[in-house]
Amino acid sequence: MTYATVMVSLALDQSNEARLQVAGELAERFEAAIVGVAAAQFAPPLYFTDGAAAQGLVEQEEASIKRRLADLEAQFRTATKNRGARAEWRSAIDFPSRFILAQARCADLVVSGGQSPAFSDAFALASPKDLVMQAGRPLVVVPDRVNWLDLRSVLVAWKDTPESRRAVADALPLLRKARDVAIVEIPEQGEERSAAMAGVADVAAWLVRHGVTATARVPEAGGNKTAAMQLEKVAGDVGASLIVAGAYGHSRFRELILGGVTEYLVTQSVRSVLLSH
């Protein structure tokens, strides 16, 4: 298994340097094609207008979106020149999440920026929460402060669920290139540490048979610390620059609700994360 096509989701009026850097490195490492994708939709004003004034406003805003998408394409082509097998650009005047989710069918994995703590504008930004839960492809979330794909130490946040199993399988090409991989499970309250250790040992042994240097770890009980806090501590202890994890969540009243650890992984600003659902 390898990655033949890497897709990178770009955002208007936001920093895209980090995700372009990581997507370019992925394309280069795997000699893969790289597809840049972006979209934005005209956001109607809060005040009412109609007739010629309304039509003029729509045309003006759509022309602005087209110019900004053209600027993004230029940035994408400059960043990916001579990286990977070939580069392709796709863009549209559309809701970003809807357009990018449709385009993800052509990719092996999708690279996105992290979730901004500010209000997410569905007219201009494809939320990584939407992408990870609906794309049907692994998502690599790259915080803005990350400037390269560091594979010296990778942490697999294990939980014995289909999502975690899928994430490890999706990440296998990357894990094969990593120097050290730690398989870590944070035991739930009341769970025996020995049972968790048996599970992560199985995963580590499976990875070793696939040519991955992997070790198993189960930290001691964290007291009042949340699972996310414990995971952050272990990631710091092993010096992990990439975390691999299953993504958990559900939709309630059309609002995406992520689990606590998944929410943390999407919004933390230190490490890149590969998530699969």
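Pairs to check: LYS159/LYS233; LYS129/LYS159; LYS81/LYS129. Give those whose C-alpha atoms are more than 25 Å from each other in this structure. Working shown, then result.
Numbers: LYS159/LYS233 17 Å; LYS129/LYS159 20 Å; LYS81/LYS129 29 Å.
The pairs that break the limit, which is 25 Å between Cα atoms, are LYS81/LYS129.
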_Per-residue HN-Hα couplings for the range 73-84 [Karplus 6.51, -1.76, 1.60; θ = phi - 60°; Hz; x = Gly/Pro]_ = 4, 4, 5, 4, 5, 5, 5, 9, 4, 6, 10, x
_Cut-off under 5 Å, modelled amide H: who pairs with ALA216 long-range_ = ILE183
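Per residue of the chain, what 222 nm ellipticity follows from adding -39500 (n - 2.57) for every DSSP H run with n ≥ 4, rounded to the nearest 500?
Theoretical 222 nm ellipticity from helices: -13000 deg cm²/dmol.
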*Using a simple charge model, +1 on the beta-carbon of Lys and Arg, -1 on the beta-carbon of Asp and Glu, nothing else, what dipole does the chain show about its Cα centre, in debye to the nearest 20?*
660 debye
*Putting +1 on Lys and Arg Cβ atoms and -1 on Asp and Glu Cβ atoms, find which of GLY249, ALA214, LEU174 reaches farthest to the positive end of the dipole of the range 153-276.*
LEU174
*What are the aspartates and glutamates whose alpha-carbon lies under 19 Å from the alpha-carbon of LYS66, with same-chain residues fewer than 8 places away excluded?*
ASP13, GLU88, ASP94, ASP121
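By the scheme Lys and Arg +1, Asp and Glu -1, what is the net charge of all other residues having a beta-carbon under 10 Å from that of ALA79?
Values: positive: ARG19, ARG77, LYS81, ARG83; negative: GLU17.
Result for the neighbourhood of ALA79: +3.
Please list, by residue number, every one of the trypsin sites (Lys or Arg not before Pro) in the range 155-209 that is coil in DSSP and has at most 11 other beta-carbon atoms within 10 Å.
Working: sites: LYS159, ARG165, ARG166, ARG176, LYS177, ARG179, ARG193, ARG209; in loops: LYS159, ARG179.
Listed in order of number, the matching sites are ARG179.
Using mean Cβ contacts within 10 Å as the protection proxy, how do 61-73, 123-135, 228-240 order, highest first? Let's see the in-between values first.
Values: 61-73: 14.9, 123-135: 22.8, 228-240: 17.8.
Highest to lowest by the protection proxy: 123-135, 228-240, 61-73.
Since every read-out is calculated from the coordinates, none of them should be taken as a lab result. Being a predicted model, the structure only gives us computed values, none of them experimental. Because the Cβ atoms are built from the backbone with ideal geometry, glycine has one as well, and the counts that use them run over all protein chains shown.
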